[in-house]
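S.K.: One structure coming up, written as structure tokens, with questions to follow.
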Amino acid sequence: MRTQVVIIGGGPSGLLLSQLLHVHGIDSVVLERKTKDYVLGRIRAGVLEQGFVQLMEEAGVAGRLHAEGHCHDGTLVSYGEEIFRIDFAALTGKPVVVYGQTEVTRDLYAAREAADGEVVFNVDDVSIHDADTNAPHVTYSVDGQSQRIDADFVAGCDGFHGVSRKTIPLDVRTEYEKIYPFGWLGILSETPPVNDELIYATSERGFALCSMRNENLSRYYIQCSMSDNPHDWTDEAFWDELRRRIPREFVEKLVTGPSIEKSIAPLRSFVTEPMRWGRLFLCGDAAHIVPPTGAKGLNTAASDVHYLLHGLRDFYENDSEAGIDGYSERALDRVWRAQRFSWWFSSLMHRYPEQSEFDLKIQQTEFNFLRNNQSAQKAMAENYVGLPY
Ligand code: RFL
Ligand code: PHB
């Protein structure tokens, strides 16, 4: 088989890239290790930047997002009983849109199917060959049969645990990593959200986030130990702990119910450089991970897709390699800014195991500075709604 771009990974990065390439007349094949149901069963991101929404529009898949997504003009931030609002609309003129990653992925799969786009599920043993030449190919097996696809380019959209990043030789790549000494225990429940905007809360007992998917579907997280097991957390224990971490006025409004999903996510900051090796380009979690506090993971994956799309269009439409040559540098510039923001917001909002009295005072002072200083709020809002591409 032959195609122009082989895309490894059928998560949001791979599907968005595939659909955008299709809109611009470039063929691709997506290879996904799991089944579609498995990919759609992963509960992840919920907050989209305008840049993401614009890419969904360009891809021709923004109908349901516009109908069912909710624009949020601000967010609440609390420290114990102290609470204030960051007004994104007043500070930046832009909102964010709450629309789950599951729905984004569902819309993209529907569009790929409607366009007869090729997505191969259940692939095993994916291996990238000759990426440092102009004629790369990918081998894989499906149902025990070995297959080969020849292509002009390979897009590595296969997440943090994929094969693409590892294909780049160790002497070519540099990895930067920070592991946080805690995780997030998240639940989904069919209850109305406690507030119509998100609440990022911190307290003596640690971080909590009140988020949502729609009017009757809430997403809540609490900071937990990475040694915790989600099965040991009863729903009651989760709700009790959440109540201890959010301001009293919201404790009174909180509607609880059975969880329909419960899982623990680690917090990690990670970047690999460069994001390109010959004809192989890394996009999204394959190249970088942020702690979820700033809601930047999926959004940064989307900016990578944007830069790569422009590079590939430049190649096919203008016979120019300038765009693909500049891809890694342009993507990494924005990636590091998202890393900085995610690290800063995570550091502000979590309790650390060996935090000294000095560290706590600094955290409290940082919080007060953000609450009282318009410039600090503007910087926060600009990063949260998304820096320009
Ligand atoms: P994904 O989603 O991991 O998809 C990669 C796909 O590649 C497949 N794969 C392979 N396929 C073929 N061969 C192989 N060898 C393969 N190895 C892997 C996998 O099965 C999978 O389908 O990466 P992608 O597409 O780059 O998307 C990244 C996002 O999923 C991620 O950044 C976000 O979910 C992060 N994130 C958030 N991002 C936001 O922008 N806003 C948020 O509000 C937000 N909240 C979150 C989050 C991530 C979380 N978790 C669970 C880490 C909240 C949480 C709790
Ligand atoms: C979510 O709704 O899952 C969510 C929202 C904001 C974040 C992280 C996760 O910062």
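The values are calculated or read from the model by the stated rules, or taken from the named source; none is laboratory data. Everything quoted here is computed from the prediction, not taken from an experiment. All Cβ positions, even for glycine, are placed from backbone atoms using ideal geometry, and neighbour counts span all protein chains on display. Only protein heavy atoms, including side chains, enter the accessible area calculation; ligands, DNA and RNA are left aside. Shrake-Rupley method; radii C 1.70, N 1.55, O 1.52, S 1.80 Å.
S.K.: Give me the percent of accessible area attributable to carbon and sulfur for the chain, probe 1.4 angstrom.
M.R.: The computed percentage sits at 47.
S.K.: If you don't mind, there's one more thing I want to ask. Summarise the long-distance tail of P(r) for the stretch 242-297 by giving the % of C-alpha pairs beyond 13 Å.
M.R.: Percent of Cα pairs beyond 13 Å in the stretch 242-297: 74.
S.K.: Something else now. Could you tell me, in Å, what Rg and Dmax come out for the Cα atoms of the stretch 291-355?
M.R.: Just the Cα atoms of the stretch 291-355 yield Rg and Dmax of 16.2, 55 Å.
S.K.: Would you please state the base-10 log of I(q)/I(0) at q = 0.15, 0.23 1/Å for the stretch 265-380, with intensities from the Debye formula using one equal scatterer on every alpha carbon?
M.R.: Debye intensities relative to I(0), on a log10 scale: -0.74, -1.20.
S.K.: Any chance you could give the angle, 0 to 90 degrees and rounded to 10, that helix 374-385 forms with the longest Cα principal axis of the chain?
M.R.: 40
S.K.: Right, here's the next one. Assuming 0.36 nm per residue, please report the length gained on full extension of the stretch SER146 to ASN229 beyond their Cα-Cα distance.
M.R.: Fully extending the segment from SER146 to ASN229 adds 26.0 nm.
S.K.: Further, regarding this structure: For a 32 Å ceiling on Cα separation, which of these pairs sit above it: LYS94/LYS166; LYS253/LYS378; LYS34/LYS296; LYS166/LYS378?
M.R.: With Cα atoms farther than 32 Å apart: LYS94/LYS166; LYS166/LYS378.
S.K.: Determine the sum of side-chain charges near ASP130: Lys and Arg each +1, Asp and Glu each -1, restricted to other residues whose C-beta is under 11 angstrom from that of ASP130.
M.R.: -1
S.K.: Would you kindly state how much longer the chain becomes between ILE362 and ASP196 on full extension, computed as 0.36 nm times their sequence separation minus their alpha carbon distance, in nm to one decimal?
M.R.: Extra length available between ILE362 and ASP196 comes to 56.7 nm.
S.K.: If only Cα atoms are counted, what is the Rg of the stretch 186-243, and what is its Dmax, in Å?
M.R.: Cα radius of gyration and Dmax of the stretch 186-243 are 11.4, 33 Å respectively.
S.K.: While we're on this one: Å³ per residue of the Cα convex hull, for the stretch 130-180?
M.R.: With only Cα atoms used, the stretch 130-180 gives 115 Å³ per residue.
S.K.: Does the stretch 98-246 come out rounded, prolate or oblate by the C-alpha gyration tensor, with a ≥ b ≥ c the root eigenvalues, rounded set by a/c under 1.5 and, if not, prolate when a/b is larger than b/c and oblate if not?
M.R.: Prolate, since a/c reaches 1.5 and a/b exceeds b/c.
S.K.: Next up: Enter the angle in degrees (range 0 to 90, nearest 10) between the Cα long axis of helix 101-114 and the first principal axis of the Cα atoms of the chain, meaning the one along which they spread out most.
M.R.: Approximately 30 degrees, to the nearest 10.
S.K.: Follow-up question, since we're still on this one. Quick check: Cα centre of the stretch 141-218 to Cα centre of the stretch 231-285, how many Å?
M.R.: Taking the Cα centre of each part, the stretch 141-218 and the stretch 231-285 sit 10 Å apart.
S.K.: Let me ask another. How far is it, in nm, from the label point at ARG85 to the one at GLU58 when both lie 7 Å from their Cα along the line to the Cβ?
M.R.: So the label points at ARG85 and GLU58 sit 3.3 nm apart.
S.K.: Let me ask something additional. May I ask for the Rg/Rh ratio of the stretch 2-159, computed from Cα atoms with Rh as the Kirkwood radius, given to two decimals?
M.R.: Checking Rg against Rh, the ratio lands at 1.08.
S.K.: Show me, for the stretch 217-223, the HN-Hα J-couplings you get by feeding each phi into the Karplus relation (A = 6.51, B = -1.76, C = 1.60, θ = phi - 60°), rounded to Hz, glycine and proline as x.
M.R.: In residue order, the calculated couplings are 9, 10, 10, 10, 10, 10, 4 Hz.
S.K.: Among 57-63, 315-321, 153-159, 198-204, how do they line up from the highest to the lowest mean number of other beta-carbon atoms within 10 Å?
M.R.: The packing order, highest mean first, is 153-159, 198-204, 57-63, 315-321.
S.K.: Then there's this: Let me know the shape class of the stretch 8-52, please: from the alpha-carbon gyration tensor, a ≥ b ≥ c as square roots of the eigenvalues, rounded when a/c is under 1.5, otherwise prolate if a/b is greater than b/c, or oblate.
M.R.: In terms of gyration-tensor shape, oblate.
S.K.: Just check the stretch 71-167 against the gyration tensor rule for me: Cα atoms, a ≥ b ≥ c as the square roots of the eigenvalues, rounded for a/c under 1.5, and otherwise prolate or oblate depending on whether a/b exceeds b/c.
M.R.: It comes out prolate by the Cα gyration axes.
S.K.: In Å and whole numbers, how far do the C-alpha atoms of the chain stretch along each principal axis, longest first?
M.R.: 61, 40, 39
S.K.: For every other residue with a beta carbon closer than 12 angstrom to the beta carbon of VAL5, add +1 if it is Lys or Arg and -1 if Asp or Glu, then tell me the sum.
M.R.: Charge balance near VAL5 sits at -1.
S.K.: Here is a further query. Cβ under 12 Å from LEU31's Cβ, LEU31 left aside: what net charge do those residues give with Lys, Arg +1 and Asp, Glu -1?
M.R.: Taking every other residue near LEU31 into account, the sum is -2.
S.K.: Listed highest first by mean packing, meaning other Cβ atoms within 10 Å per residue, what order do 342-348, 50-56 come in?
M.R.: Put in order of decreasing packing, that is 50-56, 342-348.
S.K.: Restricting the count to DSSP beta bridges whose residues both fall in the chain, what percent are antiparallel, rounded to a multiple of 5?
M.R.: 75
S.K.: In nm, to one decimal, how far is the LEU170 label point from the ASP116 one, both placed 7 Å along Cα→Cβ?
M.R.: 4.7
S.K.: Another question, then. For the peptides 324-336, 4-16, 113-125, what is the packing order when you average, over each peptide's residues, the other Cβ atoms within 10 Å and list the highest mean first?
M.R.: For the peptides 324-336, 4-16, 113-125, the packing ranking is 4-16, 324-336, 113-125.
S.K.: For the chain, with every protein chain kept in place, what is the accessible area per residue (1.4 Å probe, Å²)?
M.R.: With all protein chains present, the chain gives 42 Å² per residue.
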